[in-house]
Amino acid sequence: MKRVITYGTYDVLHFGHINLLKRAKALGDYLIVGISTDEFNSVKGKKAYYMYEQRKSIIENLRFVDLVIPENSWAQKPNDIQKYQADIFVMGNDWEGKFDELEELCEVIYLPRTEGVSSTQTKNYINSF
Ligand code: C2G
């Protein structure tokens, strides 16, 4: 049983998110997704359209997601990796190199982002009507 973990805000779900999560799951057998809480989003300088509980409900209902946990801080990743026995940590490559210290605990893989789509772009398009 190979366990994969990844983190994100996952606001206004789009196919870039789906592509990331599907490829992450394909690297193992069990996918854990840490969803940024609303409070942590403030730390990240982000304001999500959907509140944490809504974003959690959307992601945990994806067929290939096995567990959703709250992401409350930058610092929780090592503890999560040990607690959930993650073998692989995955992020999109906009984070390339930012989490290499986790290589002491598990494999770290940065996957190419899906170009041409973002939550911000989607929100702006909807607001343009
Ligand atoms: N992503 C992607 N392609 C896009 C947009 C996003 O592959 N067009 C990936 C990002 O690289 C990330 C994941 O989808 O791995 C979630 O993206 P966000 O919700 O924007 O997450 P972010 O705000 O980057 O938070 O501790 C890590 C942070 O919580 C990551």
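The values are calculated or read from the model by the stated rules, or taken from the named source; none is laboratory data. Just so it is clear, the structure is predicted and the values come from calculations on it, not from any experiment. Note that we place each Cβ from the backbone using ideal geometry, even for glycine, and neighbour counts take in every protein chain shown.
Here's a check for you: in segment 96-129, which residue that is under 19 Å from residue 15 (Cβ atoms) and part of a helix (DSSP H, G or I) is farthest from the ligand (Cβ to nearest atom)?
Selected residue: 126.
Somewhere in segment 84-94, is a residue within 9 Å of the ligand (Cβ to nearest atom), at pLDDT 95 or above and surrounded by fewer than 16 Cβ atoms within 10 Å (Cβ to Cβ)? Step through it out loud before you land on a result.
First, the residues of segment 84-94 that are within 9 Å of the ligand (Cβ to nearest atom): 90-94.
Filter once more, keeping what is at pLDDT 95 or above: 90-94.
Then drop every residue that is not surrounded by fewer than 16 Cβ atoms within 10 Å (Cβ to Cβ), which leaves 93-94.
Yes: segment 84-94 contains one or more residues that are within 9 Å of the ligand (Cβ to nearest atom), at pLDDT 95 or above and surrounded by fewer than 16 Cβ atoms within 10 Å (Cβ to Cβ).
Taking into account only those residues within segment 1-48 that are touching a Phe, Trp or Tyr at 6+ places or on another chain (Cβ under 7 Å), assigned to a helix (DSSP H, G or I) and away from the ligand (no atom under 11 Å from the Cβ), which is nearest to residue 65 (Cα to Cα)?
Restricting to residues being touching a Phe, Trp or Tyr at 6+ places or on another chain (Cβ under 7 Å), assigned to a helix (DSSP H, G or I) and away from the ligand (no atom under 11 Å from the Cβ), the top hit is 25.
Kindly indicate whether residue 24 is small (Gly, Ala, Ser) and in contact with a Leu (Cβ under 7 Å, 6 or more places away or on another chain). Reasoning before the result, please.
Values: small (Gly, Ala, Ser): yes; in contact with a Leu (Cβ under 7 Å, 6 or more places away or on another chain): yes.
Yes.
Do we find that residue 65 is assigned to a loop (DSSP other than H, G, I, E, B) and under 12 Å from the mean Cα position of the chain (by Cα) in this structure? Please lay out each step first, then the result.
Values: assigned to a loop (DSSP other than H, G, I, E, B): yes; under 12 Å from the mean Cα position of the chain (by Cα): yes.
When the stated conditions are applied, residue 65 passes them.
Out of the residues in segment 49-83 that are among the acidic types (Asp, Glu) and within 13 Å of the ligand (Cβ to nearest atom), which is farthest from residue 101 (Cα to Cα)?
Going residue by residue through segment 49-83, those that are among the acidic types (Asp, Glu) are 53, 60, 66, 71, 80.
With within 13 Å of the ligand (Cβ to nearest atom) added as a condition, the list becomes 71, 80.
Values: 71: 18, 80: 14 Å.
My answer is 71.
One line per residue, one yes/no per condition, for (1) over 25 Å from residue 124 (Cα atoms); (2) at pLDDT below 95; (3) surrounded by 14 or more Cβ atoms within 10 Å (Cβ to Cβ); (4) not β-branched (Val, Ile, Thr):
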| residue | (1), (2), (3), (4) |
| --- | --- |
| 6 | yes, no, yes, no |
| 10 | no, no, yes, yes |
| 21 | no, no, yes, yes |
| 24 | yes, no, yes, yes |
| 30 | yes, no, yes, yes |
| 35 | no, no, yes, no |
| 53 | no, no, no, yes |
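Sort out which residues of segment 25-39 are under 13 Å from the mean Cα position of the chain (by Cα) and under 18 Å from residue 119 (Cβ atoms), and write them in order of number.
First, the residues of segment 25-39 that are under 13 Å from the mean Cα position of the chain (by Cα): 25, 31-37.
Scanning segment 25-39 gives 33, 34, 35, 36, 37.
Of (1) touching a His at 6+ places or on another chain (Cβ under 7 Å); (2) closer than 25 Å to residue 1 by Cβ; (3) of a type in the set (Val, Ile, Thr), residue 122 satisfies all except one. Which?
So residue 122 meets the others, but not (2).
Does any residue in segment 99-115 that is more than 19 Å from residue 23 (Cα to Cα) and of a type in the set (Asp, Glu) come within less than 7 Å, Cβ to Cβ, of a residue that is more than 8 Å from the ligand (Cβ to nearest atom) and modelled with pLDDT under 95 six or more places away or on a different chain, and which pairs are these?
none
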